[in-house]
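Everything below concerns the one structure shown next.
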Amino acid sequence: MKNILKILIVIGLVIASIGVLFIGQGYKMYKDAIKEVSIESKIEEIRKQENYTKISEVPEMYKKAVVSVEDHRFYKHYGIDVIAIGRAIFNDLKAFSFVEGGSTITQQLAKNQYFTQEKKITRKIAETFLAFKIEKEYEKDEILELYINTIYFGNGYYGIKEAAIGYFGKLPKDLTDGECIMLAGIPNAPSVYALTENLDLAKQRQKQVMAKMIRYKTLTEEQAKEILNLD
């Protein structure tokens, strides 16, 4: 029994040491990134873009759809969603692969602006440190505004304004509820859901987003049926 306990202690210490090593590497990656380009400079650069759209110019339905499908606890967490991360770790271990990330909107913003899409533990840790800093310095609606202006919608469209004009020929404020929900689903897999690539798959994705919205009570079943009938 004592030998087993010793073995377990050694294993625990090894795991802890590896964890500390990864955290140290991730922290260094984070510090190097913001040393090269500060968060303030990066955000100023984003806001100066020609098609930058303020959150007040975006329909409420679009905001609800994005939060519901990407990060439904967005307004409750402080940069990371512990529940989502736990679920992602469980699913990754079960699949013996990185099949789910559990990233929040803030983490996605951090990753897209500073890091590659490569799935590495150190990058994930660096992204987490950066997400905490962003949440500390900016309001939630500011973060959401930056996110919707930088995500990729396929077909060469970056940001909600380019996507709204490119796909529907109108400004974001003029989007219908159905169009808002459809656009909210595209960034998950732009090459798959781009309306110019496969409209049927885009419509299927729209229904998936609606299902999430109904689940998180940002849309009723009656509203969903009415939106689909109008489309």
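Taking the residues in the range 122-160 that are part of a helix (DSSP H, G or I) and of a type in the set (S, T, N, Q) as candidates, determine which candidate is modelled with the lowest pLDDT. In this case the residue turns out to be Thr122. For the range 172-194, residues that are modelled with pLDDT of 95 or more and either of a type in the set (D, E, K, R) or assigned to a loop (DSSP other than H, G, I, E, B) (or both) total 6. For Ser17, the requirement of being assigned to a helix (DSSP H, G or I), among the hydroxyl-bearing types (Ser, Thr, Tyr) and modelled with pLDDT of 95 or more is not met. Is it the case that some residue within the range 199-216 is of a type outside the set (A, V, I, L, M), over 22 Å from the mean Cα position of the chain (by Cα) and surrounded by fewer than 14 Cβ atoms within 10 Å (Cβ to Cβ)? Yes, because at least one residue in the range 199-216 is of a type outside the set (A, V, I, L, M), over 22 Å from the mean Cα position of the chain (by Cα) and surrounded by fewer than 14 Cβ atoms within 10 Å (Cβ to Cβ). Exactly one of these conditions fails for Ser68: (1) of a type in the set (Gly, Ala, Ser); (2) within 30 Å of Tyr216 (Cβ to Cβ); (3) at pLDDT 95 or above; (4) surrounded by fewer than 15 Cβ atoms within 10 Å (Cβ to Cβ). Give me its number. Result: Ser68 fails condition (4) only.
The values are calculated or read from the model by the stated rules, or taken from the named source; none is laboratory data. Because the structure is a prediction, the values reported are computed rather than measured. Glycine also receives a Cβ, built like all others from the backbone with ideal geometry; neighbour counts cover every protein chain displayed.
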